[in-house]
1. How would you order 415-421, 107-113, 324-330 from highest to lowest mean count of nearby Cβ atoms within 10 Å?
2. Between Asn21 and Arg80, what is 0.36 nm times their sequence separation minus the Cα-Cα distance? Round to one decimal in nm.
3. Using just the Cα positions, wrap region 290-338 in a convex hull and report its mean projected area in square nanometres, one decimal place.
4. Report, in deg cm²/dmol and to the nearest 500, the calculated mean residue ellipticity at 222 nm for the chain, where each DSSP H run with n ≥ 4 adds -39500 (n - 2.57) and the sum is divided by the residue count.
5. What do you get when you divide the Cα radius of gyration of region 1-151 by 2.2 N^0.38 Å, with N the number of residues?
6. Using θ = phi - 60° and the Karplus curve 6.51 cos²θ - 1.76 cosθ + 1.60, what whole-Hz ³J(HN,Hα) does each residue of region 216-223 get, with Gly and Pro shown as x?
7. Given an 8 Å cut-off on Cα distances and at least 6 residues of separation, report the relative contact order of region 295-440 as a percent.
8. Sketch the reach of a paramagnetic label on Ala73 as a point 7 Å from Cα along Cα-to-Cβ, and name the residues of region 18-61 whose backbone nitrogen lies under 19 Å away.
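Readers should treat all values here as calculations from the given coordinates under stated rules, not as data from a laboratory. Predicted, not measured: the structure shown is a model, and the values here were computed from it. Quick reminder, even Gly has a Cβ in these numbers, built from the backbone with ideal geometry, and neighbours come from all protein chains shown.
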Amino acid sequence: MKSFDSFGVCIPEILLPKHINLASWSVIACDQYTQDRDYWKNAAEAAGDNPSTLNLIFPEVYLSDDNREERIAAIKKTMRQYLDRGVFAAGKRGFIYIERTTAYGRTRKGLVLAVDLEKYEWKPFSKALIRATEATVPERIPPRMKIRMGAPLELPHIMLLADDEADALVGKTGALAKKQAPLYDGDLQQQSGHITGWLVDSDEAYAQVDEALAVIAKKGTAADGSTFLFAVGDGNHSLATAKAVWEEHKKTLLSQGATEASLAESPVRYALVEVVNIYDAGLTFEPIHRVLFGSDAASLTAAVAETLHGTLSACADAAALEKAVADKAASGARYGFIATKDGKTSYTLLQTAISDLAIAALQPALDAYLAQHAGIEIDYIHGTAETVALGEKEGQVGILLPPIAKDSFFATINARGPLPRKSFSMGEASEKRFYVEARKLF
């Protein structure tokens, strides 16, 4: 069997239901719609009494409920029942090439594979092959460990990004996979689009993957010899949890006399992910804007401008400000401030010479300002219109960020380490990954 060990990639054995009905089997990533219980109620109605991934995951909307321990036990019991009662067909060893058309008409391509958790690290300034893109909160890991530890199955909603302008890893491998019939094909629930998956298991396809990984690795190798192969796009805390569970399980295995060879054979050492090309036209990067409550706009803009060595100028209205912030032809990062005082709204543009991702410089400046001004609160907003509307209310300051520059993404992570939390969103909520594939874990 072909090995990709040097790239931290493993060929998994994929489990799919014998009779797959995507509308009932597949549900969205557990960390979506965390304030919308109606969404998950509708997911349960769509699943009905059919086998469903909804019964195998813990939607985070319920994390604060009193029955958390009972829910975790029920999840693990259902996993075992699905395995014992023949819900799954015989496992298929290989990668899965995916084409996902969303409700917005965009088609995103992906490659499901397993990654070696020994080659991943979430801590800042890591030199690992696989690195976090946003700051990881250690306190969020232990509650999630309870779900994964001892679980018979894992289902992936983690998405990794590859810096692959040639689209050789996902796109070209997918073209080879599509020579055969798909493993699954159908619509997703709650108007979330369509998904099709093909098995990747031919020698020709494996050779393509190997060649593509080698090119990406060479491009991502720094002067010190370290290689940045994959960046975590979605599921930072889920992958960090998988790493923590493996570290605990590895201690147990070592205490039982495990060798390096046997450690490498443990399913717990690996995690299923979907790899997406950062340049995929179907993958949109949306900035997550900021709103400050209780802040004096003049004080805030002056402080941020001084910290970022930028210049401030007035715009006529919201449309002019939005256009200026999003101007791709302009050099340097731009930020927009919307604030209302005594019934008059101001639209202020901050221009800087910052060449890497705008949020990487802004959030530390905001953190410093908040530390010096007690009582001010910050929130993180998806959508330009909502941010402008909030800034147009008295006593609030909306801050618009420019679009995420894909071509500087990897360089920024490599130079600065993980971005601040709530830096970007990969598409809209309904475009996030849906669970389809499973893999045996414990």
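1. Listed from highest to lowest mean packing, they are 107-113, 415-421, 324-330.
2. 19.2 nm
3. 3.8
4. That calculation yields -9500 deg cm²/dmol at 222 nm.
5. 1.18
6. 5, 5, 4, 5, x, 8, 8, 4
7. Across region 295-440, relative contact order equals 27 percent.
8. Residues 55-59 fall inside that zone.
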